[in-house]
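Structure record follows, encoded as structure tokens.
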Amino acid sequence: MLRIPGQPGRDLCDTHLGVTRRDLIRIGGSAILGCTLGSLLSLKARAAAAPLTDAVGKGGPGWGKAKSVVMVYLQGGPSHLDMWDPKENVPDKIRSPFTNIKTQIPGINFTEILPKLAKINDKFTMIRSMSYTPNGLFNHTAAIYQIMTGYTTDKVSPSGQLEPPSPKDYPNFGSNIIRLKPPEVPMLPFVVLPRPLQESNVVGKGGNAGFLGKNYDPYTLFPDGDDLDMTKMNRIKVDDLNLRPDVYAQRLKRRASLRQSIEDTMPDIDKAVENYHLDEYYGKALDLITSGKARDAFAIDREDEKTRASYGLNTFGQSLLLARRLVEAGTRVVEVIWPKVANSDNHSWDMHVGLSSRLKNQAGPMFDQAFSAFIEDLDQRGLLDETLIVTLGEFGRSPEKGLSTSGNVNSADGRDHWPYCYTACLAGAGVKRGYVHGESDATGSSPKSDPVHPTELLATIYHAFGIDSDTIVYNHLNQPRELVKAKPNTAFFA
């Protein structure tokens, strides 16, 4: 269900904004979307009016090339050794059960799990040297928080669980981007789908705006149905544009009649507000409601059957198709979360047991089909030129099968968490095509050359938007904090 962030919490995080006309004028159309779109679409003016940074953009390869970013987040930790960094001449306890295949890049092999991606890896960059030394980050939730915010948290128990999301948290990178680079068109700025970040009972940690305030929270599209319901994306409706539960019910009409009510009353609304000289950002919010642009973007049933089938008729494939539609419509940031919760079996990447069957029959084919179709579709439409694609998990899997690295029990056909070396992919927005950055050692245990920390990757995302990683934001205590304590790696860009 699409949840639309509202104003609560602004007194905690955004007291400097003051009260605006937007806070006082409430008309039917804007109330339908929680009275927040105006403020979301006025971020550009706020950014220009307030000193948000102490740093000066440094430019360089790739600087400012991206107008949007899609994070394809393989939550759970896919095995680099069994997908896109296989090893030969290694002991049986390390060797992948899958056959190696050639790719479009000479000397670079994938496994048989990724036949479609092997044919188009000349369109993207692979980073085979992602690496960090864990400090309580062997488990999903803490590692997720790091890649999404650029910071680590102090509260990690031996099991890796964290406290729930808090207004004091560091913001998700998407929230930082839409604050500093607001959308240029009246469109949802930041969307997360088809499920929240989650491990066990910790839901959404690292996935919201944290101390920036709820104005910068993402819109979330979490269709009804469990994680194994592969048809849930077929049930997206206009009525899924819902208010947050903290908006008073008496301010709403019946949800089923909202759309028609807007259309019927627009002439009266236009007449009522013509003398109020509403600012342009409130006007853009109203435009978004009345134009139907957001509703149209979610209408994936308008895609031809061949295109839908090319992505895969499942939750992940249709989520990537929807991501493409959102980018086309002007959404700045889209995060597509792998549709199975991290620490679970059956389609999850967290393969402590049954890796051979699960990777070959479940996660592998679903990812290979959808992601290859996504890259090709964006490229054919010319969207890849200004859309940055970032694909990775929170870590890789252990080189040695059956070994416990995180306190979990692993079968002889399972691999444990491994943050010391894994693989990520980048594409679009000036990223090199057919480039392999870094190299892992003979067993895939650690980088042999050019290690890349997750925070360095975040800095690179900001760089692609023309945002310096040294940019200062202020937390809930009004303390200055860098967006991320890392520098971008411009070697990824042509």
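The values are calculated or read from the model by the stated rules, or taken from the named source; none is laboratory data. Since we're looking at a predicted model, the values are computed, not measured. A quick note on method: Cβ atoms are made from the backbone with ideal geometry, for glycine too, and the neighbour counts reach across all protein chains shown. Remember, those area values only see protein heavy atoms, side chains included, never the ligands or the DNA or RNA. Shrake-Rupley method; radii C 1.70, N 1.55, O 1.52, S 1.80 Å.
When you look at S440, is it in contact with a His (Cβ under 8 Å, 6 or more places away or on another chain), more than 22 Å from I144 (Cα to Cα), without any contact (Cβ under 8 Å) to a residue 60 or more places away in the chain and not acidic (D, E), yes or no? Judged against the criteria, S440 is not a match.
Candidates are the residues of region 367-399 that are in a helix (DSSP H, G or I) and aliphatic (A, V, I, L, M); the one that is farthest from W84 (Cα to Cα) is L383.
The residues in region 333-356 that are open to solvent by 20 Å² or more (accessible area, probe 1.4 Å) and either without any contact (Cβ under 8 Å) to a residue 40 or more places away in the chain or of a type in the set (D, E) (or both) can be counted, and the count is 1. Taking the listed residues T490, T387, the one that is modelled with pLDDT of 95 or more, surrounded by 20 or more Cβ atoms within 10 Å (Cβ to Cβ) and of a type in the set (S, T, N, Q) is T387, with no other qualifying.
Going by what's in this entry, would G364 be described as of a type outside the set (S, T, Y), under 20 Å from H80 (Cα atoms), open to solvent by less than 10 Å² (accessible area, probe 1.4 Å) and outside any loop (DSSP other than H, G, I, E, B)? In short, yes. Can you confirm whether S411 is among the small types (G, A, S), farther than 13 Å from S79 by Cα and assigned to a loop (DSSP other than H, G, I, E, B)? Criteria met by S411. Taking region 99-113, which residues are open to solvent by less than 40 Å² (accessible area, probe 1.4 Å) and part of a loop (DSSP other than H, G, I, E, B)? Those that are open to solvent by less than 40 Å² (accessible area, probe 1.4 Å) and part of a loop (DSSP other than H, G, I, E, B): T103, I105, I108, I113.
Pairs linking a residue in region 448-472 that is more than 14 Å from E482 (Cα to Cα) to a residue that is among the basic types (K, R), with Cβ atoms under 7 Å and 6 or more positions apart or on different chains, are A464/K65; F465/K181.
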